[in-house]
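Trainee: Could you have a look at this structure, given as structure tokens, before my questions?
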Amino acid sequence: MNRKQFLAGVLAMVAAPVAAQDFAADGAAVAEEEAGITPETTRKGPRDPHKGAVTNLPIPRFVSLKGSEGNARRGPGLTHRIDWVFTTSGMPLKITAEHEHWRRVEDSEGMGGWVHYSLLSGVRTILVTQDMAEFRDDPETNAMVSFQAEQGVIGKLLECNTDWCRVNAGGNKGWVLKTALWGVDPNEILT
């Protein structure tokens, strides 16, 4: 028996008990799930699925990228692989889950992953999704157009009513239809 064959045999003996433990743990998890015991029902009773487990803030919700770069990882931790890098400061992101100091986020195209919360800001921003969106002086279709913005422009969200949002884009302020934006929910009202 050569050294390679010997090591393969030792590895097989060590791996067998580990695999059995993994199977036992999976079996216990299935038994707990069938009994109605889940992480959401332990300790404090049922958890609201529309609230973050860490912050108790609404899920989903919008935030923005604080700096000019943020790594989106496959899982919540530094040991997980980086799948995506956000590179635009202030870009709006949607938080879809929370785990300790990590937030699962996605951009307007659905790309994303887990980002450390320190890379995110509560400052609300929007992304213009309509080419040459018209920003008006008042939230009315017949109001004077004060400026236009190309698709992809990022602006700071100031307020929203049922159909319109007031935005500061590059120092220009105006009202634009919500349908021309990403970063605000259709039914969201901000004052």
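The values are calculated or read from the model by the stated rules, or taken from the named source; none is laboratory data. Keep in mind it's a predicted model, so treat the numbers as computed, not measured. For neighbour counting, all protein chains shown are included, and Cβ atoms are generated from backbone atoms with ideal geometry for every residue, glycine included.
Trainee: Check Ala20 against each of (1) loosely packed, with under 14 Cβ neighbours inside 10 Å; (2) modelled with pLDDT of 95 or more and name the one condition it does not meet.
Mentor: Every condition holds for Ala20 apart from (2).
Trainee: Any chance segment 139-157 includes a residue that's of a type outside the set (A, V, I, L, M), out of contact with any helix residue (DSSP H, G or I) (no Cβ under 6 Å at 6 or more places or on another chain), surrounded by 14 or more Cβ atoms within 10 Å (Cβ to Cβ) and assigned to a loop (DSSP other than H, G, I, E, B)? Steps first, please.
Mentor: Going residue by residue through segment 139-157, those that are of a type outside the set (A, V, I, L, M) are 139-142, 146-148, 150-152, 155-156.
After this cut, where a residue has to be out of contact with any helix residue (DSSP H, G or I) (no Cβ under 6 Å at 6 or more places or on another chain) as well, the list is 139-142, 146-148, 150-152, 155-156.
Retained after the next criterion (residues that are surrounded by 14 or more Cβ atoms within 10 Å (Cβ to Cβ)): 139, 146-148, 155-156.
Subset that is assigned to a loop (DSSP other than H, G, I, E, B): 139.
Within segment 139-157, one or more residues are of a type outside the set (A, V, I, L, M), out of contact with any helix residue (DSSP H, G or I) (no Cβ under 6 Å at 6 or more places or on another chain), surrounded by 14 or more Cβ atoms within 10 Å (Cβ to Cβ) and assigned to a loop (DSSP other than H, G, I, E, B).
Trainee: Still on this structure, please answer the following. If Ala133 meets every condition in (1) under 29 Å from Thr55 (Cβ atoms); (2) in contact (Cβ under 8 Å) with a residue 40 or more places away in the chain; (3) surrounded by 13 or more Cβ atoms within 10 Å (Cβ to Cβ) apart from one, which number is that one?
Mentor: Ala133 satisfies every listed condition except (1).
Trainee: When segment 158-173 is examined, which residues are found to be part of a strand (DSSP E or B) and either within 27 Å of the chain's Cα centre (by Cα) or among the basic types (Lys, Arg) (or both)?
Mentor: If we filter segment 158-173 for residues that are part of a strand (DSSP E or B), which is where we start, we get 158-160, 164-169, 172-173.
Those that are part of a strand (DSSP E or B) and either within 27 Å of the chain's Cα centre (by Cα) or among the basic types (Lys, Arg) (or both): Leu158, Glu159, Cys160, Trp164, Cys165, Arg166, Val167, Asn168, Ala169, Lys173.
Trainee: Could I ask something else about it? Have a look at Glu100, Glu140, Glu159, Glu134 and point out the one that is closer than 28 Å to Asn71 by Cα and of a type outside the set (A, V, I, L, M). Walk me through it before giving the result.
Mentor: Details: Glu140 fails: closer than 28 Å to Asn71 by Cα; Glu159 fails: closer than 28 Å to Asn71 by Cα; Glu134 fails: closer than 28 Å to Asn71 by Cα.
Going through Glu100, Glu140, Glu159, Glu134 in turn, the sole match is Glu100.
Trainee: Take the conditions more than 21 Å from Ile59 (Cα to Cα) and not in a loop (DSSP other than H, G, I, E, B) and apply them to Gln130. Does it pass? Talk me through it step by step, then tell me what you get.
Mentor: Numbers: more than 21 Å from Ile59 (Cα to Cα): yes; not in a loop (DSSP other than H, G, I, E, B): no.
The answer is no for Gln130.
Trainee: Taking interchain pairs and intrachain pairs at least six residues apart, which have beta carbon atoms under 6 angstrom, with the first residue in segment 107-125 and within 19 Å of Ala169 (Cβ to Cβ) and the second of a type in the set (Val, Ile, Thr)?
Mentor: Taking only residues 6 or more apart or on different chains, the pairs are Thr125/Ile154.
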